[in-house]
1. Applying the Karplus parametrisation 6.51 cos²θ - 1.76 cosθ + 1.60 with θ = phi - 60° to the phi angles of region 111-121, what ³J(HN,Hα) value in whole Hz is obtained for each residue in order, glycine and proline being reported as x?
2. So, with +1 on the Cβ of K and R and -1 on the Cβ of D and E, and no other charges, what is the size of the charge dipole of the chain about its Cα centre, to the nearest 20 debye?
3. Which whole-Hz couplings ³J(HN,Hα) result when phi for each residue of region 61-67 is put into the Karplus expression 6.51 cos²θ - 1.76 cosθ + 1.60, θ = phi - 60°, listed in order with x for Gly and Pro?
4. Using a simple spin-label model with points 7 Å from Cα along the Cα→Cβ vector, what separation in nm is obtained for N480 and D25?
5. Classify region 116-202: rounded, prolate or oblate, from the alpha-carbon gyration tensor (a ≥ b ≥ c, eigenvalue square roots; a/c under 1.5 rounded; otherwise prolate if a/b is larger than b/c)?
6. How much net charge surrounds Q368 when only the other residues with a Cβ under 11 Å from the Cβ of Q368 are counted, with Lys and Arg +1 and Asp and Glu -1?
7. How much accessible surface does K120 have with a 1.4 Å probe, in Å² rounded to 10?
8. Taking +1 at the Cβ of each Lys and Arg and -1 at the Cβ of each Asp and Glu, which of P124, G105, V156 sits farthest along the dipole of region 95-168 towards its positive end, judged by Cα position relative to the Cα centre?
Amino acid sequence: MLSFAGILCSFALIAVVVTLSQRKDFLEDYHKINGNFTHNLAVNYTESILRENDYILGRSAMYFARDDRLNETLNVNPTQGLQMMMHLQNLMPTVSSISLADTQGHYLRAPEVLQTEKSKTFDPRTRPWFVAHAEASIFSHYTRPYTDYFNGHPTVTLYKPLISPEGRLKGTIAFHLDLTSMGYTLRQMVAPVQGEFFVVERDGAVVLHPDTGVLFKQYVSEALMDKMTSGEGHLYDKKTDAWYYYYSFTNPDWFVIYRVSGATLTDITRHETTIVGWGFALAAIIIILFGLYLRHASRTVLMTIINAIKTGDVSQAPRLEAMLSRTIQSNKEREMAYVRQATHDALTGCKNRRAFDNDVEELLNTHQPFAMALVDIDNFKSINDTWGHLSGDIVLRNVAREGIQIMQPHHVSVYRYGGEEFAVIFQAEQIAAAFSLLDAWRTAVARRAWREENLYVTFSAGLGEWHFEPLEQFVGSVDNALYSAKKQGKNRIVRTAVG
């Protein structure tokens, strides 16, 4: 019994050490989960919207900067110009209005501004978005938060100068963001733990928030913002007893922040470790009962052996049944679930953007040849607008499922690249079959019947093979091929030019 008591004490000591260690591991796991949520919120929602608006702004700026189109729109035929701008505005649900102005102060705004005494005194050249001295740059610009001249609402404007091919500054085009609409979408986000997510500027002022009443208020101290020096990460603020998980953008200089109370994480980890503690307590009880049973069984065995020696009958020999714990298997399954959550997109089941970046980096570092395709669902915004975001999610999930079913048997990975865009990486062995596999996916999607009446889904794709050029150049060529596929009528695959 003395040796059994020693084993029990050792078990109790080990249980305490393991429980404390598990508590630390649980906290690290939740840091990873919350960091991944912040990353996905930034890349799949915020960055997707900003990139879409920036793309349309760039195309619009190129259009109005050529020939005499700006003058025709503002001065010659403003009615037709207003219709054209309204068509642009309808393409962007997160843009509340569009302004177009030339260097002389002539302007046009869509939707149209009624003629009032206030509108008569409006001079676009005094607004924060007007460009007086243009610089040649491929980037668009974002204003600091300011009050809209006409409706008095707080807003942020995305703008770009109109520069002719000859280098003349002709005017400015500006997209006024609907921050209320963008913030309302955040209410539909489901966080892994109870917390608050929002977008702030470099100084900590709120730009996007589910509660529009806090827009432009100081939500994070400047001292804490100064500590957010890396692209993404997390830190703890003792003053507010909260964890801040962040992802930063360069243009605009915004931060997506997910704030979780320190008490919330403490309660969660305490709950997890309590379960582990109860598990150890139950195991201790089992050990004690087993020890008592073993003591009793050993005596029974001895008595049976003595009786067998005396009588010669061994048919009544005892049997001991062993009990196997499944704790290790449960922990392993939970660990695998965490790993999958960190590398896979929850909606589509594809690998996520982080997994894509890691896989591409590994191929580049080992100089392994590969091909890449960028896939974009055609008219996806129209699908969302017509049948709703729930149907849009169903389309994303089923398009991804078709691709996984075709690619997975060939050991080809499908990634959710962002929004309605997917990426596919074909390693050296699959390069020759890349186009046929991609076309099989395209055909399967085009032939698929949908529950919604008159819903027809297709996608366009760009496909290219890496020839050891810089990654940005390679991705740009594939993206240009995708754009060419869209331009040629959609529902097709275009290869990159080889040269």
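1. x, 5, 9, 5, 6, 10, 4, 5, 5, 5, 8
2. My answer is approximately 1100 debye.
3. Whole-Hz 3J(HN,Hα) from phi for region 61-67: 5, 4, 5, 6, 7, 8, 6.
4. So the label points at N480 and D25 sit 5.1 nm apart.
5. Judged from the Cα gyration tensor, region 116-202 comes out oblate (a/c at least 1.5, b/c at or above a/b).
6. -3
7. Accessible surface of K120 is approximately 130 Å².
8. V156
The values are calculated or read from the model by the stated rules, or taken from the named source; none is laboratory data. All values derive from a computational prediction rather than experimental measurement. Every residue, glycine as well, gets a Cβ built from its backbone with ideal geometry; the counts of neighbours run over all protein chains shown. The protein model used for the area step is the full one, side chains on, heavy atoms only, and it has no ligands, DNA or RNA in it. Shrake-Rupley method; radii C 1.70, N 1.55, O 1.52, S 1.80 Å.
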